[in-house]
There are 2 protein chains.
Amino acid sequence: MPAYAPPLADLAFLLHEVLGLERAGLPGAAELDRDTTAAILAEAGRLAADVLAPLNAAGDREGCRIENGGVRTPAGFPAAYAAMCAGGWTGLDCDPAHGGQGMPHVLHTAVGEMFVSANMALQMVAGLTHGAVSALAAHGSAEQKALYLPPLVAGRWTGTMNLTEPHCGTDLGLVATRAEPAPDGSWRITGTKIFISAGDHDLAPNIVHLVLARAPGGGAGTRGLSLFVVPKVLPDADGRLGARNAVVAARLERKMGIHGSPTCEMRYEGATGWLVGEPHKGMRAMFTMMNEARLGVGLQGLAQAAAAGQAAAAYARERLQGRAATGPAFPDRPADPLIVHPDIRRTLMDIRAFVEGGRALALWAAMLIDRSRSAGDAGAEGLASLLIPVVKGFLTDKGFEACVAAQQVWGGHGYVEDNGLAQYVRDARIAMIYEGANGIQALDLVARKLPSDGGRHIAAFLAEVRGAAADADPAFGAPLAAAAADLEAALAVFMAEGLRNPDAALAGASDFLHLAGHVALGLMWARMAAAARAALEAGRGDAAFLQAKLVTGRHWMARHLPATALHLARIRAGGATVMDLPAEAF
Amino acid sequence: MPAYAPPLADLAFLLHEVLGLERAGLPGAAELDRDTTAAILAEAGRLAADVLAPLNAAGDREGCRIENGGVRTPAGFPAAYAAMCAGGWTGLDCDPAHGGQGMPHVLHTAVGEMFVSANMALQMVAGLTHGAVSALAAHGSAEQKALYLPPLVAGRWTGTMNLTEPHCGTDLGLVATRAEPAPDGSWRITGTKIFISAGDHDLAPNIVHLVLARAPGGGAGTRGLSLFVVPKVLPDADGRLGARNAVVAARLERKMGIHGSPTCEMRYEGATGWLVGEPHKGMRAMFTMMNEARLGVGLQGLAQAAAAGQAAAAYARERLQGRAATGPAFPDRPADPLIVHPDIRRTLMDIRAFVEGGRALALWAAMLIDRSRSAGDAGAEGLASLLIPVVKGFLTDKGFEACVAAQQVWGGHGYVEDNGLAQYVRDARIAMIYEGANGIQALDLVARKLPSDGGRHIAAFLAEVRGAAADADPAFGAPLAAAAADLEAALAVFMAEGLRNPDAALAGASDFLHLAGHVALGLMWARMAAAARAALEAGRGDAAFLQAKLVTGRHWMARHLPATALHLARIRAGGATVMDLPAEAF
């Protein structure tokens, strides 16, 4: 399998030429000039390529197991995780008050892509810990922050999210795990949680579980849920580890992929926990970190596609098979490399146009989160909340497709596990499911985010798109304007149908998410093309890199953006054929 | 995992209401009235559901291994394979002169779908044997036919195809395996073949390898290849097994799926073989069986989608999660079943419209093969040769997508291996790759089949589509006519570009295959709708089944057929963005 090459030039282009990181007015960003980010990204890229990536296939093959009552991760994972912590990567964008480095979330996202490309299973531990940090930072008491945040930010302890139970995943209103108050102000948590990533492992001596449970007096449904912090090992007030808590990883799931990530069934048997935030407001605390978590999962789809696309391109350049349709390209060799064949080249360009556009979208969304957090920018917050389901749903659906396409370039050798392509496909598959299955993302987008604040966020997004289309040269502007018109027409359908016939509107929810995703990447490509042209005119940067940007962008505009018309046709078809058959007919 | 339910009603509808099997004038088909086919299909369905399907997950989990120099298949596979042979299923459409039952290929295809849905890995052995029968029947000498066909038709011996080598899959001109003549008229075969399905196993005492190799005097490239029959165990003239031949399965591949099918690296070390057909005409012999083999692989995509779709529908009806958007459907239960949710229902309808349309296409293609074989119908042969790459490429690409969609309905439980959905996805994936990767199917369609015989076959197909559109009611006729216009417009692009710029034309090959696939399923749906309406008017059949056909057909026409416009847009985009970057830019 080819080595992983961190996309340093593309990340630098996005951060500085497209997003203007150093001029964005974000805390910690003013010092991030080109040289500084280049040094940070190169260091992260070295860790990804040299330490994380070499363990990816072996971790998949070995998997995790329960031994002596605890989970053992694949060989090399503890040392690699320790290297991530030692480099300060786990707390890159965390508050310096808790030991973080105070850098913007957008830089954390750029680094995260490389770590996920290199080893998704291992990076998940850091991702989940980061989510726990955000939840505790937003909702924890002063004591909880002092106790838990420093070790979590440093990665010395790790975090988990415990939501799903055997009978409920999406529908958390059915959660049955109970919390009973103890006289000392703590709580006793009892119940079974499933699909808990990194619920147990051997990477750190303590694991901080955040658990949704039902405390007395909250009533039924999601409104009755509270959030608790339940450490695996009970720390004293100074963080010294004491007794083992009454929570165990009882079983590991046998999964299609992410074998290096232990997916645990957690049994809470009167485990000691402490309430985080207000009672019966657990869902609100979850929502706080949802944008960040869903961006992280969208990034997984993108990062797997990026890594798989690299492997496909490398193979297409090396593997000799057949002759170019226009005559032998290398008459002295027994055959031409695969890359001379138009259908192979089309596949590589499809992957590339998605990956580079998706990378821009993920970084833009991260920067909107930065703006909404640190600058209190309500417009950025609204736009981020609108875009997050698109980032999650579109980047994971299309990222998986890109992995499948990359595998196809390898032919039968892609189906063989030894070459790594199958693992990208299997690992990427989960990102379409967890952190809210993509159908839920579509529902969130259409039923919640579109009407939110009187439709202001989608109007703001459309205004950005319209503006970019007007400023762009025709190869970018015309298709973008057409796609924007499709988006507006779809909105008109929802406005007409929405109240009258919710089923008809929701039958088009996934198509709307994909329509919006295509437009969002179209917007990114218009911006990237403008930035590339400006850099070329200024004589800044690598001309070949910038010219390739323009070609790749035109590929997206000509071959992918027209999908908006298909999605619009489906949205207009409404719910008739979708809902007409009785359930018994299935 | 839900039990597999054979689609008996749908197969009967297609064979009798749509294809008019008993009136088709095929040898052996006149006796196939509704009762007879119903009895045959029910018997095959029982074998599929009761014997093959229960071994599918266990076979995936256990896999194959090499033990004492031979391959051992999963527990239960030898007995299940023996049951297939005992029922006469391996020779259903074979010549009675060789012990076959002389039934049409279309019936074999209907039975094959059920076997593949139930256990793709095991059915592959029978599928490969069938291919060897066809090749030997068409090209073998009288002695070879007498020696090999009876045990192959009965399934007592099995067959393989040996084409691929480590350095060549698609490009068989690079084959290096050598054949040297021996004084007794036999040949000594030496070389390494890889990816040989069922290259060794414990299901039968002998395996008949058909091997492409290079005999002296043939020159370079594919024209220098000859076809040899190389039995694992050397039989005497009466078929009694004697000495072991010098061929071994040296290694098994570790694959993403079809774990129950041993994928072997075969080492030929001066193995004894006999020439099949004329020297240096091996590729021609391969092409003889290619239509049948590619139809069989297309059927795999369809059959995995059919089985996965059943599992998704069963789960959607049972799993309680969330409430209907229009208010609780089952207020007395803790939640409504998934099937009330429009996005879930859309997913199920997408799968269903593809599966039922794809099933019709596979059976139609099989009947065209019947017509071309037995009735010597040149028009049917031409249409079959045109449609086969579409059947193979479209049914496997979309079949895989349908498996992924079915897995999505199961959420996290679909990602867990125990529930069987992941296996459908992993198994279906290979069908896009082997027997000519789908990019090769697209190339075959555009570069070979379209221009073949002066474009007569595509013209015949378009005439069928135009005729069906004109006869259909507007819900079917209007979208079908629009799709046909897109197909014609795409052809115009190829005619204009083809000679001038082959790269530009081939950059649109995969899109053309998908465009044609959508139209082909549109044609099938127009025919099925007409047949359903005729049966309803005549008061024949199950009215609910027939009404569901009409709804499902409208779903395809409204939500999937419009994809032709997107494919046309990509074809029109030509090769510019596809071919512009230098290979070094990747």
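Apply the a/c threshold of 1.5 to the C-alpha gyration tensor of the range B:1-108 and tell me whether it is rounded, prolate or oblate. Because a/c hits 1.5 or more and a/b fails to exceed b/c, the range B:1-108 counts as oblate. The calculated FRET efficiency for residue B:418 paired with residue B:452, based on their beta-carbon distance and R0 = 51 Å, is about 0.60. When Rg and the Kirkwood radius Rh are both evaluated on Cα atoms of the range A:238-326, their ratio Rg/Rh stands at 1.22. Ordered from largest to smallest accessible area (heavy atoms of protein chains, 1.4 Å probe), the residues A:228, B:494 come out as B:494, A:228. Think of a 1.4 Å ball rolled over the protein heavy atoms: chain B then has 33 Å² of accessible area per residue. For the range A:158-280, the fraction of 1.4 Å probe accessible surface lying on carbon and sulfur atoms is 54 percent.
At residue A:61 and residue A:23, where each label point lies 7 Å from the Cα along Cα→Cβ, what is the point-to-point distance in nanometres? For residue A:61 paired with residue A:23, the spin-label model returns 5.0 nm. Diffusion coefficient of the range A:480-541 by Stokes-Einstein, Kirkwood radius over Cα pairs, 4 °C, 1.567 mPa s: 96 µm²/s. The alpha carbon radius of gyration of chain B, expressed as a multiple of 2.2 N^0.38 Å, is 0.97.
Mark the label point 7 Å from the Cα of residue A:459 along Cα→Cβ and return the residues of the range A:476-498 whose backbone N is within less than 19 Å of it. So the set is A:484-498.
On the principal axes of its alpha-carbon atoms, the range A:455-578 has extents of 56, 27, 18 Å, going from largest to smallest. With label points set 7 Å from Cα along Cα→Cβ, the inter-copy distances at residue B:456 are 7.0 nm, sorted shortest first.
Where chain B is rotated onto chain A, the residue of B whose Cβ comes nearest the axis, and that gap in whole Å, is B:566, 2. Summarising the amide proton neighbourhood of residue A:251: residues at separation of 5 or more, or on other chains, whose placed amide H is nearer than 5 Å comprise A:265. Residue-wise HN-Hα couplings along the range A:555-568, as the Karplus relation 6.51 cos²θ - 1.76 cosθ + 1.60 with θ = phi - 60° gives them from phi, are 4, 4, 5, 7, 10, 10, 4, x, 4, 4, 5, 5, 5, 5 Hz; Gly and Pro carry x. Here the spin labels are modelled as points 7 Å beyond Cα on the Cα-Cβ line, and at residue B:544 and residue B:466 they lie 4.2 nm apart.
Computed from point charges on the beta carbon alone (+1 for Lys and Arg, -1 for Asp and Glu), the dipole magnitude for the range B:158-280 about its Cα centre is near 240 Debye. Positive-end ranking of A:112, A:297, A:361 along the dipole of chain A, with charges on Cβ about the Cα centre, is headed by A:297. Helix B:77-86 and the long axis of chain B differ in direction by around 90°, with both axes built from C-alpha atoms. Remark: accessible area buried at the B-A interface is about 7700 Å², both chains counted, probe radius 1.4 Å. The range B:256-320 and the range B:205-229 have Cα centres spaced 20 Å apart.
If one puts a single equal scatterer on every Cα of the range A:318-377 and applies the Debye formula without solvent, what log₁₀ I(q)/I(0) results at q = 0.14, 0.15, 0.16 Å⁻¹? Treating every Cα as an identical point scatterer, log10 I(q)/I(0) equals -0.56, -0.59, -0.62. For the range A:158-280, the relative contact order is 31 percent, taking Cα pairs closer than 8 Å that sit 6 or more residues apart in sequence and dividing their mean separation by the residue count. Remark on residue B:157: its backbone amide H falls under 5 Å from those of B:152, a criterion applied only to residues 5 or more positions apart or on other chains, H modelled at 1.01 Å from N.
Around the Cα centre of the range A:19-169, unit charges on the Cβ atoms of Lys, Arg, Asp and Glu (plus for the first two, minus for the last two) sum to a dipole of about 260 debye. The slack between residue B:82 and residue B:326, meaning 0.36 nm per residue of separation minus the straight C-alpha distance, is 82.6 nm.
Rolling a 1.4 Å probe over the protein heavy atoms leaves residue A:41 with an accessible area of roughly 0 Å².
Efficiency by 1/(1 + (r/R0)^6): what FRET value for residue A:50 and residue A:9, r their Cβ-Cβ distance, R0 = 25 Å, to the nearest 0.05? Given R0 = 25 Å and the Cβ-Cβ separation, E is 0.85. Note on chain B: with charges restricted to the Cβ of Lys and Arg (+1) and Asp and Glu (-1), its dipole about the Cα centre is near 480 debye. Once both labels are positioned 7 Å from their Cα atoms along Cα-to-Cβ, the gap between residue A:142 and residue B:35 label points is 9.0 nm. For residue B:245, the residues 5 or more places off, or on other chains, whose built amide H falls under 5 Å of its own are B:233, B:234. Each distinct pair of alpha carbons in the protein assembly as shown adds a 1/r term; the inverse of their mean, the Kirkwood radius, is 31.0 Å. Evaluating 6.51 cos²θ - 1.76 cosθ + 1.60 at θ = phi - 60° for every residue in the range A:309-326, the Karplus couplings come out as x, 4, 5, 5, 5, 4, 5, 5, 7, 9, 6, 8, 6, x, 10, 4, 5, 8 Hz, glycine and proline recorded as x. Computed 3J(HN,Hα) for the range A:53-64, one whole-Hz value per residue from the Karplus formula 6.51 cos²θ - 1.76 cosθ + 1.60 where θ = phi - 60°, is 4, x, 9, 5, 5, 5, x, 5, 6, 6, x, 10, glycine and proline marked x. Note on residue A:145: accessible area is roughly 60 Å² with a 1.4 Å probe, heavy atoms of protein only. The ellipsoid equivalent to the alpha-carbon distribution of the range A:383-473 has semi-axes of 34, 18, 7 angstrom, derived from the gyration tensor eigenvalues as √(5λ) and listed largest first. Given a Förster distance of 30 Å, report the FRET efficiency between residue B:314 and residue A:251 from their Cβ-Cβ distance, rounded to the nearest 0.05. Efficiency, from the Cβ-Cβ distance: 0.75. With contributions of -39500 (n - 2.57) from each DSSP H run of at least four residues, the per-residue ellipticity at 222 nm computed over chain A stands at -18000 deg cm²/dmol.
The values are calculated or read from the model by the stated rules, or taken from the named source; none is laboratory data. In this text the structure is predicted, and so the values were computed from the model without any measurement. Note that each Cβ is placed from the backbone with ideal geometry, even for glycine, and that neighbours are counted across all protein chains shown. Heavy atoms of the whole protein, side chains included, go into the accessibility calculation; ligands, DNA and RNA do not. Shrake-Rupley method; radii C 1.70, N 1.55, O 1.52, S 1.80 Å.
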